[in-house]
Amino acid sequence: ITLGPPRPGVHTEPLADYHQALAWFQAEHRVMLAAVSLAVSSGHDRHAWQLAWTLSDFLDWRGHWHDWLHAQEIALAACDRLGDVKGQGHAQRAMARACNQLGRYNETMTHLDAALSLYGACGDPLGQARCHIDMAAVLERLARYDEAIDHAEQALQRFHAAGHSAGEANALNAVGWCHAMAGHHTLAL
């Protein structure tokens with residue numbers, strides 16, 4: 001996402017490296033979660049969803065999946081009020097990823113279906129590709145290998161068409177993994 005410039009009088013706190021940034025998140029993540037709610041209650045919906053989005057990786061890495069889901073529920077409501085379709089897609093996909101970590105696979109797929117549709121509506125092929133790769137991972141976990149392969153291949157096509165080599169490599173790995181899990185070892189190789 002692209003953040004706007006800081007408001008006059010606001011100064012960013014420079015962080016020297018990854019470890020310092022991680023320590024800052026560890027110390028401040030509860031405050032940041034409260035700031036998401038405060039942003040909504042004070043009419044700053046754009047700030048609320050973008051702040052929730054920026055917290056996603058940390059909350060995932062640290063296993064704060066309930067907090068992640070709650071922040072994304074707030075973000076989705078904010079994006080709904082704004083009519084921000086791409087933001088809705090981001091929130092739905094993040095909610096799916098949190099539900100997946102919580103083992104709530106039906107909800108995961110429901111959120112991914114919604115995100116896929118939203119990314120399609122706003123013309124975001126990379127968002128769609130990411131949804132397909134996430135769907136493949138969930139379906140593989142559920143031993144629904146043929147469906148997983150289909151979604152991994154759709155991700156591969158979209159990443160390739162967009163010239164996104166890292167995504168393409170990830171999708172190739174997913175296609176191979178899903179084929180291996182399905183017992184298609186020659187195709188997997």
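The values are calculated or read from the model by the stated rules, or taken from the named source; none is laboratory data. Quick caveat: nothing in here was measured; it's all calculated off a predicted structure. Please note: Cβ atoms are built from the backbone with ideal geometry, for glycine as well, and neighbour counts cover all protein chains shown. For the accessible areas, the whole protein counts, side chains as well, though only heavy atoms, and no ligand, DNA or RNA atoms are used. Shrake-Rupley method; radii C 1.70, N 1.55, O 1.52, S 1.80 Å.
Take the alpha carbon atoms of the stretch 1-48, find their radius of gyration, then divide it by 2.2 N^0.38 Å using N residues; give the quotient.
1.31
Wrap a convex hull around the Cα atoms of the stretch 1-130, take a quarter of its surface area, and give that in square nanometres.
Averaged projected hull area, Cα only: 8.4 nm².
Rolling a 1.4 Å sphere over the protein heavy atoms, what is the accessible area per residue of the stretch 1-121, to the nearest Å²?
Ligands and nucleic acids excluded, the result is 56 Å² per residue.
Per the 1.4 Å probe, what fraction of the accessible area of the chain, in percent, lies on carbon and sulfur atoms?
Ligands and nucleic acids excluded, carbon and sulfur give 56 percent.
Counting only the backbone N, which residues of the stretch 38-77 are under 13 Å from the spot 7 Å out from the Cα of Leu3 toward its beta-carbon?
47-56
Please give the net charge around Ala115, taking every other residue with its beta carbon less than 15 angstrom from that of Ala115, where Lys and Arg add +1 and Asp and Glu add -1.
-2
Filter the chain for me: DSSP H helices, axial length by Cα at least 30 angstrom, mean Kyte-Doolittle hydropathy not below 0.5. List them by residue number.
Both cut-offs are met by 18-41.
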